[in-house]
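*Asks:* I have a structure here, written as structure tokens, and I will follow up with some questions on it.
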Amino acid sequence: MHVCWQPADADLRPFLTGMVERCDRVPAGLSLELPVGRPLLHVTLGADYGFAQDGGFECMPHLSLWGFDARTRVTRPEGCLHALVAVLTYRGAELLAPRIALSATGTRLDLLDRLGDNGARLLHRLKTARLFAERCAILQSYFRGLVRPGDVRPTGYVHEVADCMTSGRIPGSIAAIARHFEVNERTLRNHFRAELGVSPKRMLRVARLNRSMRALHPLAWGEGEEHDVRLEFFDDAHFHNEFRLLTGLTPRDFQRRKAASGDTLIYSLPGAP
């Protein structure tokens with residue numbers, strides 16, 4: 001497996017944080033997709049990618065928008081997978097689809113259906129580009145075309161809260177986060193459920209998990225965590241139990257399997273449960 005990554009340009013950071021590309025040299029077989037707190041733009045460049053469902057595998061659209069997902073899922077590529085993923089903010093995801101379209105957890109939106117000819121042209125350009133850097137440039141150019149110069153459209157505070165949670169910019173409990181944004185905690189919960197289809201507590205749990213996965217990963221792509229993520233948990237037992245409850249793995253299992261596989265991906269893990 002070969003993995004490349006590139007951070008987004010500074011002007012796009014409110015919408016797009018970075019791009020990761022995976023190119024398998026041999027068929028990977030069964031893998032696990034672990035919980036993800038951020039929205040993702042997923043582009044399949046080679047080999048269909050299926051998620052286990054109803055006793056079989058459902059093929060993912062070749063251009064799709066993935067919403068918040070707190071579940072661990074079994075996946076299987078049909079051959080040597082080649083995929084490009086753009087890690088989005090919630091504000092960036094709304095450029096591709098209205099927030100209500102992502103209001104069910106585990107959503108995988110077919111952007112070819114939603115974007116029509118524009119989506120088909122984008123996919124064709126990405127598939128025919130020869131280099132990772134070219135594909136990153138195409139994606140960033142596409143997002144710049146979605147954002148008007150000086151764009152100050154209000155998106156509501158829910159997106160800002162969600163992005164602060166997933167990035168770790170505002171640590172602490174839901175009550176502390178609600179106080180920071182000067183909003184009633186019950187109001188925050190209600191707006192989260194209405195606009196993102198998930199409670200803020202569940203999103204915060206997955207966001208902490210994702211930061212833990214990056215911190216534990218011996219070879220993770222991108223930049224490391226700036227602080228000890230375990231300090232966000234009450235104690236080591238709480239950290240261990242949360243990790244196992246959300247992933248089905250212990251932190252040590254995750255770290256061991258990542259070291260053995262040698263891959264730098266964060267949100268997926270080779271091999272069946």
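*Asks:* Taking the range 117-133, which residues are under 23 Å from the mean Cα position of the chain (by Cα), without any contact (Cβ under 8 Å) to a residue 12 or more places away in the chain and under 21 Å from Trp5 (Cβ atoms)?
*Replies:* Leu131
*Asks:* So which residues in the range 161-192 are among the basic types (Lys, Arg) and either touching a residue at least 24 places away in the same chain (Cβ under 8 Å) or surrounded by 15 or more Cβ atoms within 10 Å (Cβ to Cβ) (or both)?
*Replies:* Arg189
*Asks:* Every residue in the range 6-36 that is in a strand (DSSP E or B) and either surrounded by fewer than 17 Cβ atoms within 10 Å (Cβ to Cβ) or β-branched (Val, Ile, Thr) (or both), please.
*Replies:* Within the range 6-36, Pro7, Thr17, Val20, Cys23, Val36 meet the criteria.
*Asks:* Right, something else. If I ask for residues that are modelled with pLDDT under 95, outside any helix (DSSP H, G or I) and either surrounded by 10 or more Cβ atoms within 10 Å (Cβ to Cβ) or touching a Leu at 6+ places or on another chain (Cβ under 9 Å) (or both), which ones from the range 126-155 would you list?
*Replies:* Val147, Asp151, Thr155
*Asks:* Going through the range 197-207 one residue at a time, which ones are assigned to a helix (DSSP H, G or I) and either among the β-branched types (Val, Ile, Thr) or touching a Gly at 6+ places or on another chain (Cβ under 8 Å) (or both)?
*Replies:* Within the range 197-207, Met203, Val206, Ala207 meet the criteria.
*Asks:* Going by the structure shown, is Ala175 farther than 25 Å from Trp5 by Cα and part of a helix (DSSP H, G or I)?
*Replies:* yes
*Asks:* Could you list, in sequence order, the residues of the range 214-254 that are hydrophobic (A, V, I, L, M, F, W, C) and either within 17 Å of Leu265 (Cβ to Cβ) or modelled with pLDDT of 90 or more (or both)?
*Replies:* Ala215, Leu216, Leu219, Ala220, Trp221, Phe243, Leu245, Leu246, Leu249, Phe254
*Asks:* Being part of a helix (DSSP H, G or I), surrounded by 12 or more Cβ atoms within 10 Å (Cβ to Cβ) and not hydrophobic (A, V, I, L, M, F, W, C) is the filter here; which residues of the range 110-125 pass it?
*Replies:* Answer for the range 110-125, where residues must be part of a helix (DSSP H, G or I), surrounded by 12 or more Cβ atoms within 10 Å (Cβ to Cβ) and not hydrophobic (A, V, I, L, M, F, W, C): Arg114, Asn118, Gly119, Arg121, Arg125.
The values are calculated or read from the model by the stated rules, or taken from the named source; none is laboratory data. Everything quoted here is computed from the prediction, not taken from an experiment. All Cβ positions, glycine included, derive from the backbone under ideal geometry; neighbour counts span all protein chains shown.
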